[in-house]
Amino acid sequence: MNTFEIIKKLASKRNKSLQQVAEDLNFSKNLFYRWKTSDPKAKDLEKVADYFHVSIDYLMGRTDDKASLSPRKFEDIGQMADRMINGLESENSVNFYGEPMSDEDKASLKTALLVALEMNKKRSKQKD
């Protein structure tokens, strides 16, 4: 499937026409039809991906995983994990068997948080 067909399918699942989606995104009503013969701009693809809660790679037919996350989403998840770790560090209540968390413990906990946050983000995207 090409980008046009993928967008048409996503719009149909939401009971919307391509023109309605274009209007929702403040695009010209025929923009998606032009994408049949020309390449879309990256910023326009990003808006469409955000609108449908899918990745740009999914829109372009490069993956079947519509829940794959954009680099920006990964960065957001990383920042969230950092805030959680910092919160844990600022409260001296977190320790392992009475000992403060080592740097290795913190790194392991951050890795686990990143995996959990990524899984939750993907799961929420799949509900759309």
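The table below gives the values:
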| item | result |
| --- | --- |
| Accessible surface of LYS47 - all protein chains present, 1.4 Å probe, nearest 10 Å² | 90 |
| Additional length obtainable on full extension of the chain from SER38 to GLU75, 0.36 nm per residue less Cα span | 10.2 nm |
| Probe 1.4 Å - accessible area at THR111, Å² to nearest ten | 80 |
| FRET efficiency estimate (nearest 0.05) - Cβ-Cβ, MET1 to MET84, R0 30 angstrom | 0.20 |
| Förster radius 41 Å - calculated FRET efficiency between LYS106 and TYR51 (Cβ-Cβ, nearest 0.05) | 0.65 |
| Candidate residues TYR33, TYR51: accessible-area rank, largest first, probe 1.4 Å | TYR33, TYR51 |
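The values are calculated or read from the model by the stated rules, or taken from the named source; none is laboratory data. None of the values given here were measured: they were computed from a predicted structure. Glycine also receives a Cβ, built like all others from the backbone with ideal geometry; neighbour counts cover every protein chain displayed. The accessibility values were calculated without ligands, DNA or RNA, using every heavy atom of the protein model including side chains. Shrake-Rupley method; radii C 1.70, N 1.55, O 1.52, S 1.80 Å.
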